[in-house]
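Colleague: Pasting a structure here, questions to come.
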Amino acid sequence: MLTGNEDWSQLCDESSDEGNCCNLARDRRLVREITEAFANVIDMKDDWTKGHSTRVAKYTRMLTLELGYDKDIAERYSRAALLHDIGKIGISKRLLQKDGRLTEAEYDSICEHPTNGYHILKSISVAPELAAAAACHHERPDGTGYPQGLVGDQIPRVAQIIAVADTFDAMYSDRPYRDRMNFNQAVAIIREGSGTQFFTDVVDAFLRLVKKGKFRADDDNGGGSFDDIDNSNLARKQA
Ligand SMILES: [Fe+2]
């Protein structure tokens, strides 16, 4: 279990560029290879999860660069995003793809995936952002997220960024049981969550990229579902 004593804010914002160049290059290659190996495990679980993780990694890279970070940080955060839902490998496919309201026990089971992901990745000390992202991507700055209810800057930067990328893709992608949400509606929901569900500067970066046409899919002709897929409901369904 998470103890609650972890200082998440320190987990991923410090560069692990210690030691000599040879060690650094070796560590980076090792992290890349470990990430790819774990990503292959996720791919085997579920086609939808595979596509979701890849898109969230891409969006995270775009947002990180837009926020002014360098390519190295964008690469590290992007890899962390690729593995953010690795804790779902212990959850049945039937439950992950269930159409309809989850029972309380099912919801509780899905909500364990951040903690499970943290335990899978925590021993990779050269890339602490991997465990931080898995553990904290459902936390919210207003303290109503899970699993720990962290507040504001207690949430690691990598998870602040992934939260926007993850939620946007969860709404703006086809699911086994529904079409993706209308683009403008999904963007509006992200905008409305600024300062409560999401960090304001990350939402601002997202909206700048939207203005540049970066998040709209090539095959989007203005359609998409206008169903009231409210964001918290979505979390209850898919976490
Ligand atoms: Fe998740």
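Colleague: Could you count how many residues in the range 122-138 are surrounded by 16 or more Cβ atoms within 10 Å (Cβ to Cβ), more than 12 Å from the ligand (Cβ to nearest atom) and either closer than 19 Å to Ser53 by Cβ or not hydrophobic (A, V, I, L, M, F, W, C) (or both)?
Modeller: Taking the range 122-138 first, the residues surrounded by 16 or more Cβ atoms within 10 Å (Cβ to Cβ) are 122, 124, 126-138.
When the remaining residues are screened for being more than 12 Å from the ligand (Cβ to nearest atom), the result is 122, 124, 126-132.
Okay, now just the ones that are also either closer than 19 Å to Ser53 by Cβ or not hydrophobic (A, V, I, L, M, F, W, C) (or both), so 122, 124, 127-132.
Going through the range 122-138 one residue at a time, the tally reaches 8.
Colleague: Another question, then. Is it fair to say Ala105 is of a type in the set (A, V, I, L, M) and either more than 30 Å from Arg208 (Cα to Cα) or surrounded by fewer than 14 Cβ atoms within 10 Å (Cβ to Cβ) (or both)? Spell out the reasoning first.
Modeller: Values: of a type in the set (A, V, I, L, M): yes; either more than 30 Å from Arg208 (Cα to Cα) or surrounded by fewer than 14 Cβ atoms within 10 Å (Cβ to Cβ) (or both): yes.
In short, yes.
Colleague: Looking at the range 110-127, I want the residues that are in contact (Cβ under 8 Å) with a residue 40 or more places away in the chain and more than 19 Å from Arg28 (Cα to Cα) and have a partner that is aromatic (Phe, Trp, Tyr) and within 11 Å of the ligand (Cβ to nearest atom) with Cβ atoms under 8 Å, at least 6 apart or on another chain. Which pairs are those?
Modeller: Cys111/Tyr146
Colleague: When you check Pro147 against the structure, is it more than 13 Å from the chain's Cα centre (by Cα) and within 14 Å of the ligand (Cβ to nearest atom), yes or no? Walk me through how you get there before you give the answer.
Modeller: Working: more than 13 Å from the chain's Cα centre (by Cα): yes; within 14 Å of the ligand (Cβ to nearest atom): yes.
In short, yes.
Colleague: Return the residues of the range 175-216 that are at positive phi and free of Cβ contacts under 8 Å to residues at least 24 places away in the same chain; say none if nothing qualifies.
Modeller: Within the range 175-216, Gly213 is the sole residue that qualifies.
Colleague: Name the helices (runs of 4 or more DSSP H) wholly within the range 155-239 that hold at least 2 residues that are within 15 Å of the ligand (Cβ to nearest atom) and modelled with pLDDT of 95 or more? Walk me through it before giving the result.
Modeller: Values: elements: 157-171, 183-192, 200-211, 231-238.
Answer list for the range 155-239: 157-171.
Colleague: Could you please let me know if Ala188 is closer than 16 Å to Thr64 by Cβ and either buried (at least 18 other Cβ atoms within 10 Å of the Cβ) or among the aliphatic types (A, V, I, L, M) (or both)?
Modeller: Numbers: closer than 16 Å to Thr64 by Cβ: no; either buried (at least 18 other Cβ atoms within 10 Å of the Cβ) or among the aliphatic types (A, V, I, L, M) (or both): yes.
No, not satisfied.
The values are calculated or read from the model by the stated rules, or taken from the named source; none is laboratory data. It should be emphasised that the depicted structure is a prediction, and the values quoted were computed from it without experimental measurement. Methodologically, a virtual Cβ is constructed for each residue, glycine included, from the backbone with ideal geometry; neighbour enumeration extends over all protein chains shown.
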